[in-house]
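Presented below is the structure to which this report refers.
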Amino acid sequence: MSDSSSMPPAKPPAGQAMWGGRFTARPDALMQAINVSIGFDRRLAEQDLAGSRAHAAMLRKQGVISSEDEAAIQKGLEEIGREIAEGRFPFREEFEDIHMNVEARLAELIGPASGRLHTARSRNDQVALDFRLWVREACDRTLEQLRGLQRALVAKAEANAETLMPGFTHLQPAQPVTFGHHLMAYVEMFGRDASRFADARARMNESPLGAAALAGSPFPIDRHETAQALGFSAPMANSLDAVSDRDFALEALAAGSICATHLSRLAEEIVIWMTPQFGFVKLSDAFTTGSSIMPQKKNPDAAELVRGKAGRALAAFTQLSVVMKGLPLTYSKDMQEDKVPTFEAFDSLEVSLAAMTGMIADLEPVPERMAAAAGAGFSTATDLADWLVRKLDLPFRQAHHLTGAAVKRAEALGVDLPNLPLAELQGLEPRITGDVYEVLSPAASAASRKSYGGTAPDQVRAQAARWKEILK
C-alpha cells in the first residue's frame, strides 16, 4: 500500500503494474515478494468496499462524476462484495493490495467508468480509512465480549457472595475474603478495559478519507458527507495527520495489552486454584485436557493458553510502536507493517475473551477447601488487632505488637488464633475477654468488612447488583 495518483487508468497495459505510468519494467521478483500485502490486507475488503461506496456517492453528489458512472461503480462494487462473500473473488498478488485488487476487478466488471472511482483519493487515505474502520469494529467486538465476561463474573460472584476463601498478598494468606469479592475485583478490572476501548473508539472516530496522498484534493469534495456516511463524527482536520496517523491502532493495542494482562492474571489464578495443593476450583472436561502418558492428569490448558496469548497483544503494541517511532510525516511503506500485529493481537484477544467467559461460567468452587484455607496462616490476626483497638482503646501499633506476640504463641502451641486459649491471650493483655473469639473466625472476619467495596457478603451483593444494572 503506497502512494498512487488521483486518477490512474482503469486497467494497466499488459505487463505493467496498476501504479505503473512512470515505470517501464515490472518489479523484480524479490521486490514483489516484500511489497505485496494482499495475503493479509484482504481482511480489509469489507471496509474497502464501504469506503468506495461512500466516496462514489459523494463524488456524484458533488458533480465530480456522472450519475451513470456512479451507478455502474456501485453495481460493480456490489458484485465484488458478493464474490468476496461467496469465496469467488480472484485475489491476485500482481495487484499488491486489497485496494488495487478491487479496482482491477471493478475495471473487468464495468470498464472505463471504474477509473473515475479513484478521483480525489489515494491509496494513502484509502488504507488509513480501511484500517481505521477495521480497528473501530474490533473495538466494538471487544467491548461486547468484555460485557459478556463481566456478566459471567457477576453471576458467579453473586452465587458465591458468602463462599470463604483466603485473600493473598505475596501469595501468602493475608485475610479472609469471599470468592464473590475476589471475582468482583476482575469485574472492575475488565470494566476499566471496556472504558479504555470505548475511549479509544471515540478518539479514532474521525475520517481520513479525502486527505488523498497527503495534501488534500483540488476537487470540490465533501469530506463531512463521507465521514457521516461511514459513521464517523467528523473528518480529520489535517490531511498530513490523516494519512500518517496510526495512534488509533496503537491506542487500541495499548488497551488490548492491558486487557490481555488482566486475562492472564485471572488465568494464572485458575491454574493455581486447580492444583491439588490448592484444590479451590474445578473445571469440566470442556476446558481441560489430559496427558498422553499420565492418565491421572487434568490440565487447565484453556487457562494456560489465555495466559500465553497475552504475549501476542503485548508484542503487537511494541512492534507497532517501533515501526512508528522513527517515521517522518507523512506516509512511509513501513506503515504496511501495522496490520499483521494488529490483526493477530485482536484475534488472540477475541479467542481469549471467549475462552475466559466460558471458563468462568463452567468453573465450580470447592467451598470446603477454600474455607479451610481461609483460616490458615493466622489470617484473622488483623481482626484481633482491630478488636484490641476498638474494645481496649489501644493504639494500633501497640495492638499490632500484641497480636504478633499472640501469633507467635499460637504457632508455638501448634494452633490457629481461634483456638488459642483465653489464658494465653490474657497472659499478653489481661483485659482481653472471651468476646474476642467472636471476631477470630474467618466468617466473622469477612462479614465485618462492611466498608464500601469491602468483602462482606452484603457488600458483594450490592456491587453485583450495581454491575448488573450497568451491564443491562
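The values are calculated or read from the model by the stated rules, or taken from the named source; none is laboratory data. Values in this document were obtained by computation on a predicted structure and should not be read as measured data. Positions of Cβ are generated from backbone atoms using ideal geometry, with glycine treated the same way; all protein chains shown enter the neighbour counts. Surface areas here come from the heavy atoms of the whole protein model, side chains and all, with no ligands, DNA or RNA. Shrake-Rupley method; radii C 1.70, N 1.55, O 1.52, S 1.80 Å.
List of remarks:
- Taken along the Cα-to-beta-carbon direction at a fixed 7 Å, the label points for Ala71 and Ser233 span 3.9 nm.
- Note on region 89-156: Cα-only Rg and Dmax are 19.0, 61 Å.
- Surface composition of the chain: carbon plus sulfur atoms hold 55% of the accessible area, using a 1.4 angstrom probe and ignoring ligands, DNA and RNA.
- Mean shadow area of region 317-472 over all directions, Cα convex hull, nm²: 16.6 nm²
- The packing ranking, built from the mean of other Cβ atoms within 10 Å per residue, places the peptides 257-270, 456-469 in the order 257-270, 456-469, highest first.
- Radius ratio Rg over Rh of region 81-212, counting only Cα atoms, Kirkwood formula for Rh: 1.27
- Scaled to the globular estimate 2.2 N^0.38 Å, the Cα spread of the chain, given as radius of gyration, is 1.35.
- Counting DSSP beta bridges with both ends in the chain, the antiparallel % (nearest 5): 80 percent
- Cα convex hull of region 41-137, projected area averaged across orientations, nm²: 5.8 nm²
- Rounded to the nearest 0.05, the FRET efficiency derived from the C-beta distance between Thr433 and Asp458 at R0 = 35 Å is 0.80.
- Most to least packed among 44-52, 211-219 [average Cβ atoms within 10 Å]: 44-52, 211-219
- Using the Cβ-Cβ distance between Glu350 and Leu471 with R0 set to 22 Å, the FRET efficiency from 1/(1 + (r/R0)^6) comes to roughly 0.70.
- Figure legend: label point modelled 7 angstrom from the Cα of Glu188 along Cα→Cβ; residues of region 250-265 with amide N under 19 Å from it are 258-265.
- For region 398-440, a Kirkwood radius taken over Cα pairs fed into Stokes-Einstein (20 °C, viscosity 1.002 mPa s) yields D = 207 µm²/s.
- Two numbers describe the Cα atoms of region 347-405: Rg and Dmax, which are 20.5, 59 Å.
- Here the extension length gained between Met31 and Asp199 equals 56.5 nm, from 0.36 nm per residue of separation less the Cα-Cα distance.
- Karplus (6.51, -1.76, 1.60) ³J(HN,Hα), θ = phi - 60°, over region 77-87, in Hz, Gly and Pro reported as x: 5, 5, 5, 4, x, 5, 4, 5, 4, 8, x
- Cross-link pairs exceeding 30 Å between alpha carbons, from the set Lys325/Lys472; Lys156/Lys339; Lys309/Lys333; Lys298/Lys450: Lys325/Lys472; Lys156/Lys339; Lys298/Lys450.
- For Gly167, the residues whose amide H sits under 5 Å from its own are Ala174, Gln175, Val177, ignoring neighbours fewer than 5 places away on the same chain, with H placed 1.01 Å from N.
- In nm, spacing of pseudo-spin labels at Ala215 and Ala405 (7 Å Cα→C-beta vector): 8.5 nm
- Distance between the 7 Å Cα→Cβ label points at His170 and Lys450: 3.3 nm.
- Per residue, the accessible area of the chain comes to 46 Å² when a 1.4 Å probe rolls over the protein heavy atoms.
- Prolate/oblate/rounded call for region 206-250, Cα gyration tensor, a/c under 1.5 rounded: oblate
- Cα-based helix-to-principal-axis angle, 98-110 vs the chain, degrees rounded to 10: 40 degrees
- Here the calculated FRET efficiency for Glu364 and Gln277, from their Cβ-Cβ distance with R0 = 22 Å, stands at 0.75, rounded to the nearest 0.05.
- Positive-end residue, region 145-205 charge dipole about Cα centroid, Cβ charges, pick of Phe179, Pro166, Leu153: Leu153
- Rounded to the nearest 10 degrees, the inclination of helix 247-273 to the longest alpha-carbon principal axis of the chain is 30 degrees.
- Sorting the segments 381-388, 341-348, 67-74 by their mean number of nearby beta carbons within 10 angstrom, highest to lowest, gives 381-388, 341-348, 67-74.
- In degrees, nearest ten, helix 396-413 long axis to first principal axis of the chain (Cα): 70 degrees
- 10 Å binning of all Cα-Cα separations within region 153-228, expressed as whole percents from 0 upward: 16, 24, 17, 13, 11, 14, 6
- Helices in the chain, meaning DSSP H runs of at least 4 residues, each add -39500 (n - 2.57). Divided by all residues, the mean residue ellipticity at 222 nm is -19500 deg cm²/dmol.
- Gyration tensor verdict on region 288-397 (Cα atoms; rounded if a/c is under 1.5, prolate if a/b is larger than b/c, oblate otherwise): oblate
- Placing +1 on each Lys and Arg Cβ and -1 on each Asp and Glu Cβ, with no other charges, gives the chain a dipole about its Cα centre of roughly 400 debye.
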